[in-house]
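**Student:** Right, I'll just put the structure down here and ask away after.
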Amino acid sequence: MTAKEKAKQLFEDYYAIILGADSELSENITTSVLAKSSASRVADEIIKEIVESANNEIKSTRVIYWEKVKEEILKL
């Protein structure tokens, strides 16, 4: 999955969760901001976990991927 596709998937997942959390919450900019923030935090946590646990070769490739995912999330 490309970084752009993963970013879109994470955003859409969190967007749906946020909308589902409050049935009266209508689709608006606040929902979008919350979804972006949540998805971005997930990417940050994954990057943190990789940095703490992986060897340098794996770390480099995976961190680059997740940093690209985070960039794509912010573009949504």
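Taken together, the values in this text are just the output of simple stated rules run on the coordinates, not laboratory data. Everything numeric here is computed off the predicted structure, so don't read it as measured data. Positions of Cβ are backbone-derived with ideal geometry, glycine not excepted, and every protein chain shown enters the neighbour counts.
**Student:** I want to check the label-to-label distance for GLU57 and ALA16. Put each point 7 Å from Cα in the C-beta direction and report it in nm to one decimal.
**Tutor:** 3.7 nm
**Student:** Further question on the same structure: From the list (1) 8.7; (2) 4.7; (3) 5.0, can you say which value of mean projected area of the Cα convex hull in nm² was derived from the structure given?
**Tutor:** Checking each listed value against the structure points to (3).
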